[in-house]
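What follows is a short report on a single structure.
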Amino acid sequence: MDNRLDKIVQVLREQAGATFEESRGEVHVFINPPQIADVLSFLRDQHEFSLLSALTAVDYWPQENPRFHVIYQLTSLTQNLSIQLRIPVNAAQLKVPTATGVFAMANWREREVMDMFGIEFEGHPDPRRILMPPDWEGHPLRKDYPLGYEEPQFTFNFEEIDVRKPYAKE
Amino acid sequence: MADYQLEEIPVGPYRHLVSERAISGETMLLNMGPQHPSTHGVLRLLLELDGEVIINCIPDIGYLHTGIEKNMEAKTFIKAEVMCDRLDYMNPLGNNLAYCLAVEKLVELDVPPRAQALRVILVELQRIASHLVWLGTFGLDLAAMSVFLYCFRERERILDIFEMVSGQRMMTTYIRPGGLWRDVPVEFEAAVRKIMQIMPARIDEYEALLTKNPLLLDRTTKIGLLSKEIALSYGVTGPMLRASGVDWDLRKARPYMGYEQYDFRVPTREEGDTLARYYVRVQEMRESLKIIEQALAKLPMGPVQSNNRKFVPPPRSELGTSMEALIHHFKLWTEGFVAPRASVYSAVESPRGELGVYLEGDGGPKPYRVFWRTPSFDNLAVISVITKGHLVADLIAILASVDIVLGDIDR
């Protein structure tokens, strides 16, 4: 691990009780949900991680505890370093504090995670769905959400499918 | 048609985004798109206007959402690659490269030097093709029709090369994990050299039409100012970030595929306006030509695929003579290769910015999670900030300068 990253990880371990793992040259730091905004602003203000490159989530269903990981990929342009923060989110409490106050980029990406995984970001200024239609039910990127397909309508099953087929109204 | 009435936009869902004056009817809410020629696809913008001045601009995306990430999770690593061509349809080879680099990082696979050099040549050609489309549509949006036709003429030559190497103009899937699909044909080098020969003069021609054109200067100077701080906070990358004075290019900062051996400049501008973005992209085309020239000059000979048979299918000629090759072929095209339980994030510099792939394996042959950090998505988000206080006509210029691709945004 890079010396500069090593120092940052040590501070996070002492102050935020973070754990970390290293794989394929990347540093993943696990922190608790309530601390995310503080850790992000600490990294941005004191260690020049000025770009939040990516914000996404992974679903580990059927595992419940934690069910999701919310992932923040940070980049420091001046030091040319990357660090990944991961927040475990339990199925019982799908809530993470928002990071929009620190990085404006989090606004749309958090909406995307909310839309696709159903994780609520507390204090988000604009909690609407972003990619799916507003009246959509379910969260498509969850592992318990089927990929879905449409059953082909042939002569032998025409009636059966016709009964439950949604047609556009007028 | 007599009893047809204009339907008012329900303000409910946008209540917290528009000002009080929109509720009282003092300002007007206007719907732009999703089917509008200057939105470059299916993008809907909800504008709050005071006369012709934009108070608020609320982008509404998702019309082209096709669930590419979900679909990729249901396919093997090799088969999932065809999905990524459809993301950013102006940059399919760049998407292939981003995906393959992530897969190669995940399974720790090496790529032979010839494949690396060819990848660089193809991706830089793709960058030029993408910037040509951008330049053409940028001119078109500012009412310069002829530039559009010239740009597409040259782009067609580049797409001809892609057709020559892969059989497809756009959805190439030519760059594969471990190398390339196959070696380039013998005519490839001459065709690329032909482009190298004509392009510099053609770029001069576009510049002669646009750079000092008073109409263009009037409509772009000091329009859509984007400061360094706002750009970084919004995660804006690529030419937009460099036009705001931040010297950040992943090809320089974190060289992949041997970019460190090539001598090129990263064009930056300090102004951060629409004109600066135009300058940066035009200069980038010239730099890409330099990279192609150097890569072509020292193009090494040798294989274009890794010879690790656990990940790369054996050549067709071996199948008739080697039992082992047949087994590998069968295993790779039915089950696919297995990736370890790990995750990687790898990013490349696409024509629009940082194109990142988060890839997670679960010990099986399918990606457990693929996340595309697509640059247009974050670049578009900043539009609500940089259009404030401008006229509707300027919005068209700003939107054109962002260089959005809706396939890239909606995934």
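Could you list, in sequence order, the residues of the range B:348-357 that are closer than 21 Å to B:Arg277 by Cβ and of a type outside the set (S, T, N, Q)?
B:Val348, B:Glu349, B:Pro351, B:Arg352, B:Gly353, B:Glu354, B:Leu355
Which one of B:Tyr262, B:Tyr234 is under 21 Å from B:Ser346 (Cβ atoms) and either under 23 Å from the mean Cα position of the chain (by Cα) or crowded, with 17+ Cβ neighbours inside 10 Å (or both)?
Just a single option satisfies the conditions, and that option is B:Tyr262.
Given B:Lys75, B:Lys70, which one is within 14 Å of another protein chain (Cβ to nearest Cβ), part of a loop (DSSP other than H, G, I, E, B) and within 25 Å of A:Arg142 (Cβ to Cβ)?
The match here is B:Lys75.
Of everything in the range B:313-350 that's touching a Gly at 6+ places or on another chain (Cβ under 7 Å) and part of a loop (DSSP other than H, G, I, E, B), which residue is surrounded by the most Cβ atoms within 10 Å (Cβ to Cβ)?
So, considering only residues that are touching a Gly at 6+ places or on another chain (Cβ under 7 Å) and part of a loop (DSSP other than H, G, I, E, B), the one surrounded by the most Cβ atoms within 10 Å (Cβ to Cβ) is B:Ala339.
Among the numbered criteria (1) within 11 Å of chain B (Cβ to nearest Cβ); (2) in contact with a Ser or Thr (Cβ under 8 Å, 6 or more places away or on another chain); (3) at pLDDT 90 or above, which one does A:Arg111 miss?
All conditions pass for A:Arg111, except number (2).
Residues are listed down the side, and each one gets a yes or a no for (1) within 11 Å of the chain's Cα centre (by Cα); (2) not in a loop (DSSP other than H, G, I, E, B):
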| residue | (1), (2) |
| --- | --- |
| A:Leu43 | no, yes |
| A:Ala57 | yes, yes |
| A:Trp61 | no, no |
| A:Leu74 | no, yes |
| A:Gln79 | no, no |
| A:Ser82 | no, yes |
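Take B:Tyr278 and tell me if it is surrounded by 16 or more Cβ atoms within 10 Å (Cβ to Cβ), under 24 Å from B:Glu354 (Cα atoms) and out of contact with any Leu (no Cβ under 8 Å at 6 or more places or on another chain).
Values: surrounded by 16 or more Cβ atoms within 10 Å (Cβ to Cβ): yes; under 24 Å from B:Glu354 (Cα atoms): yes; out of contact with any Leu (no Cβ under 8 Å at 6 or more places or on another chain): no.
No.
Go through (1) within 13 Å of B:Thr172 (Cα to Cα); (2) not in a helix (DSSP H, G or I) for B:Gln126 and report which single condition fails.
Exception for B:Gln126: condition (2).
If I filter the range A:46-62 down to residues being hydrophobic (A, V, I, L, M, F, W, C) and at the interface with another protein chain (Cβ under 7 Å from one of its Cβ atoms), which single residue comes out as farthest from A:Trp108 (Cα to Cα)?
Residue satisfying both the conditions and the ranking: A:Val58.
How many of the residues in the range B:268-278 are assigned to a loop (DSSP other than H, G, I, E, B) and out of contact with any Phe, Trp or Tyr (no Cβ under 7 Å at 6 or more places or on another chain)?
5
If A:Phe117 passes every condition in (1) over 24 Å from A:Arg4 (Cα atoms); (2) at pLDDT 90 or above; (3) surrounded by fewer than 21 Cβ atoms within 10 Å (Cβ to Cβ) but one, which one does it miss?
(3)
Just checking, which of A:Leu77, A:Leu43, A:Leu94, A:Leu85 is touching a residue at least 12 places away in the same chain (Cβ under 8 Å), away from chain B (no Cβ under 11 Å) and surrounded by fewer than 18 Cβ atoms within 10 Å (Cβ to Cβ)?
A:Leu94
Residues of the range B:42-54 being more than 14 Å from every other protein chain (Cβ to nearest Cβ) and buried (at least 17 other Cβ atoms within 10 Å of the Cβ), which ones?
Listed by number, the residues that qualify are B:Leu45, B:Leu47, B:Glu48, B:Leu49, B:Ile54.
So the check is Cβ under 9 Å with 6+ separation or different chains; which pairs have a first residue in the range B:14-25 that's within 12 Å of chain A (Cβ to nearest Cβ) and a second one that's of a type in the set (D, E, K, R) and assigned to a loop (DSSP other than H, G, I, E, B)?
Close Cβ pairs satisfying both conditions: B:Tyr14/A:Arg128; B:His16/A:Asp126; B:Leu17/A:Asp126.
Would you point out which residue out of B:Val348, B:Val402, B:Val385, B:Val338 is at the interface with chain A (Cβ under 10 Å from one of its Cβ atoms) and of a type in the set (Val, Ile, Thr)? Reasoning before the result, please.
Working: B:Val348 fails: at the interface with chain A (Cβ under 10 Å from one of its Cβ atoms); B:Val402 fails: at the interface with chain A (Cβ under 10 Å from one of its Cβ atoms); B:Val338 fails: at the interface with chain A (Cβ under 10 Å from one of its Cβ atoms).
The unique qualifying residue is B:Val385.
Any residue in the range B:363-372 that is farther than 29 Å from B:His131 by Cβ, modelled with pLDDT under 90, out of contact with any strand residue (DSSP E or B) (no Cβ under 7 Å at 6 or more places or on another chain) and assigned to a helix (DSSP H, G or I)?
no
The values are calculated or read from the model by the stated rules, or taken from the named source; none is laboratory data. For clarity, every value in this text was computed on a predicted model and none was experimentally measured. Reconstructed Cβ throughout: ideal geometry from the backbone, glycine too, with neighbour counts over all protein chains shown.
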